[in-house]
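Report on the structure given below.
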Amino acid sequence: MKKTIIFLIFVFTFQFGFAQFEANYDENKIPDFELPDPLTTFKGKKVNNAKKWEKKRRPELLKFFTQNVYGEVPEKLNIASFKVIEESNDAINGKATRKQVELSFKKNDLKLDFTILIYLPKSVENAPIFTGYNFFGNHTVSNDVNVIISDAWARNNESLGIINNQLTEQSRGVRDNRWAIEKMIDSGYGLATIYYCEIDADMDDFADGIHPFFYDKNQTQPGSAEWGSISAWSWGLSRAMDYFEKDSGIDESKVILFGHSRLGKTSLWAGATDQRFAAVISNDSGCGGAALSKRKIGETVGRINNSFPHWFCRNFRAYNNNEKALPVDQHQLLALIAPRPVYVASAEEDKWADPHGEFLSAFYATPVYQLYGKEGIPSIEMPEVNQPIQNTVSYHIRTGKHDVTDFDWEQYIKWADQFVK
Ligand code: GTR
């Protein structure tokens, strides 16, 4: 008898534990859920014009996302100084200028620097730019031998030559396939990119990066409503924007945020919190990015908080396996970007990021754009693969995997020509 009970407990625990970790990819197994209306306040009041949206609804949504999803930035901190550490008039086959600008931040005895790599088309005086983080260092985005290799922490990766958490020459240019720089330059856009771990190393540890700048004595991690890493990275994008405003080569009214995957989540949050950004592109951002959380398809809130406990604020964990209780969903994150253009892109094989949920998010954000007379996603039917819908709210699903491809960039540039330039 005793043995049977122990056996049953074992089976139950194993099954339960396992079920929790198995991802669902079946639309028929989506739990029933009600999507919160972007145009009804938490108190149930209808919002029917842009003024009410801006005065009432937008602020309460922004506050909820800030305190319960991504986390608040504890204090303001300005750039202490910046310096151009390298520049050239002859980059990208002579068509562009290159600049590497180091921004420095100081507080008490703490110091942090990050370097922005900037390419600008020579053919344009005051260029619109795409901006966003890269995963493995500025030197990976092109084969340009003059790009400085960051000495910030990097996750070890033998095939990329990352040993002892240090980036090396071996990975120069390894991600040039993800950054269509020459296409951008030829189309009259610049690019500004930063290695994201220079702002905060992507590990479950709040001892380094920007977080400790605001700790009280003996504090070792942010408070439960304070910033996780995504919020810290998006803070870095806003500081880059502070610099762009000072650079006469850049049109600061036409800075388009771009980000892939976790860095797509970051760009969306930066676009929501900082209205100086002209537009946002989310490439395969998935859970905690463009995808609706309540569908619980692919990666879920519980799963992401377990795998990456440092990305969101601690309050977000209240929704682990409890998405039903969330009074918001990610379509409202997209709506926070309105009326500025937003582009959500998915990849057919990227089931983990829930392409259908990313599409629906763009569809359900549309009513907020319509308050401004802007066009969004006209139908709840997903478009065919490789058939972009390009409006102020845009969407495409392309063939292939979780990645950034030339196809993606061709669409982004076409869209930016129409809605940003
Ligand atoms: C995955 C994570 C996703 C996505 C991705 C990435 O492991 O589960 O949410 O962010 O990493 O950033 O490449």
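The values are calculated or read from the model by the stated rules, or taken from the named source; none is laboratory data. Everything quoted here is computed from the prediction, not taken from an experiment. Cβ placement follows ideal geometry from the backbone for every residue including glycine, while neighbour counts extend to all protein chains displayed. Areas reflect the complete protein model, heavy atoms only, side chains present, ligands, DNA and RNA absent. Shrake-Rupley method; radii C 1.70, N 1.55, O 1.52, S 1.80 Å.
A few points about this structure:
- For residue 96, distant residues with modelled amide H under 5 Å away: 91, 122
- Per-residue ellipticity at 222 nm, computed for the chain from helices alone with -39500 (n - 2.57) per DSSP H run of at least four residues, works out to -7500 deg cm²/dmol.
- With the charge dipole of the chain set up from +1 on Lys and Arg Cβ and -1 on Asp and Glu Cβ about the Cα centre, the Cα lying farthest toward the positive end among the listed residues 138, 156, 222 is that of 222.
- Per atom type, the chain shows carbon and sulfur on 50% of its accessible surface, probed at 1.4 Å.
- Percent antiparallel among DSSP beta bridges (both partners in the range 273-421, rounded to 5): 10
- Relative contact order [Cα under 8 Å, 6+ residues apart], the chain, whole percent: 16
- Computed lengthening from residue 56 to residue 186, 0.36 nm per intervening residue step minus Cα-Cα distance: 42.5 nm
- Residue-normalised accessible area of the chain, given per residue in Å² at a 1.4 Å probe: 43
- Taking Cα atoms only, the orientation of helix 406-419 departs from the longest principal axis of the chain by about 80 degrees.
- Alpha-carbon geometry of the chain: the Rg and the Dmax are 21.7, 83 Å, given in that order.
- What you get for the range 263-376, charging only the Cβ of Lys and Arg (+1) and of Asp and Glu (-1), is a dipole of about 440 debye around the Cα centre.
- A simple spin-label model places pseudo-atoms 7 Å from Cα toward Cβ; at residue 84 and residue 106 they are separated by 2.3 nm.
- A cut-off of 5 Å between modelled amide H atoms, ignoring neighbours fewer than 5 places along the same chain, links residue 259 with 281, 283.
- Peptides 122-130, 168-176, 84-92, ordered by how many other C-beta atoms sit within 10 Å of their residues on average, highest first, read 122-130, 168-176, 84-92.
- Annotation: lysines with alpha-carbon distance below 23 angstrom to residue 52 (same-chain offsets under eight excluded): 43, 63, 374.
- Shown in residue order for the range 266-277 are the 3J(HN,Hα) couplings computed by the Karplus curve 6.51 cos²θ - 1.76 cosθ + 1.60 at θ = phi - 60°: 4, 5, 4, 5, 5, x, 6, 8, 10, 6, 6, 6 Hz (x for Gly and Pro).
- Each DSSP beta bridge with both residues in the chain is either parallel or antiparallel, and the antiparallel ones are about 50%.
- Averaged over residues, the count of other Cβ atoms within 10 Å places the peptides 93-100, 216-223 in the sequence 93-100, 216-223, highest first.
- Surrounding net charge for residue 80, when Lys and Arg each add one and Asp and Glu each subtract one, Cβ distance under 12 Å: +2
- For residue 401, the lysines whose Cα falls under 19 Å of its own Cα, not counting residues fewer than eight places away in the same chain, are 265, 351.
- Under 5 Å from the amide H of residue 250 lie the amide H atoms of 127, each residue being 5 or more positions distant or on a separate chain, with H modelled from the backbone and absent for Pro and chain starts.
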